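The values are calculated or read from the model by the stated rules, or taken from the named source; none is laboratory data. Owing to the predicted nature of the structure, the values given are computational and were not obtained by experimental measurement. Cβ atoms come from the backbone with ideal geometry, glycine included; neighbour counts cover every protein chain shown. To get the accessible areas, we keep the full protein, side chains included, count just its heavy atoms, and leave off ligands, DNA and RNA. Shrake-Rupley method; radii C 1.70, N 1.55, O 1.52, S 1.80 Å.
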Amino acid sequence: MSFSPIVLFAYNRPTHTQRTLDALSSNPEALESNLYIYCDGPKSKITDEDLKKIDQVVNIAKREKRFKKVEVRVSKKN
């Protein structure tokens, strides 16, 4: 059986991103599913705090290993 891919769009909410990945991975079919994570880049005017959150989201995405395949795409700008 083949499963539909899962797509996750993320920006600057590391806690929400982690919770979402935890919930998705709790599905028994996660090990057989491909996950595509798209991380949006910073806006033209951004605070250091928001930039830190974006970096945290990217790091969370790149560490994810609970799916058949995980592909992370990181945009350089919003």
Would you mind telling me which numbered condition in (1) surrounded by fewer than 12 Cβ atoms within 10 Å (Cβ to Cβ); (2) basic (Lys, Arg); (3) free of Cβ contacts under 8 Å to residues at least 12 places away in the same chain LYS62 fails?
-> (1)
For segment 44-58, which residues satisfy the criterion of being surrounded by 14 or more Cβ atoms within 10 Å (Cβ to Cβ), out of contact with any strand residue (DSSP E or B) (no Cβ under 9 Å at 6 or more places or on another chain) and in contact (Cβ under 8 Å) with a residue 12 or more places away in the chain?
-> ASP50, LYS53, GLN56
Give segment 13-37 a look and list any residue that's outside any helix (DSSP H, G or I) and open to solvent by 30 Å² or more (accessible area, probe 1.4 Å), or say none.
-> ARG13, SER26, ASN27, ASN34, TYR36
Confirm whether LEU8 is under 12 Å from PHE67 (Cβ atoms) and either in contact with a strand residue (DSSP E or B) (Cβ under 6 Å, 6 or more places away or on another chain) or assigned to a strand (DSSP E or B) (or both).
-> yes
How about segment 38-78: which of its residues are in a strand (DSSP E or B) and either closer than 11 Å to ALA10 by Cα or in contact with a His (Cβ under 6 Å, 6 or more places away or on another chain) (or both)?
-> TYR38, CYS39, VAL72, ARG73, VAL74
Just one of (1) open to solvent by less than 80 Å² (accessible area, probe 1.4 Å); (2) out of contact with any helix residue (DSSP H, G or I) (no Cβ under 8 Å at 6 or more places or on another chain) trips up LEU8, so point out which.
-> (2)
Can VAL70 be described as open to solvent by 70 Å² or more (accessible area, probe 1.4 Å), under 10 Å from the mean Cα position of the chain (by Cα) and of a type in the set (Val, Ile, Thr)?
-> no
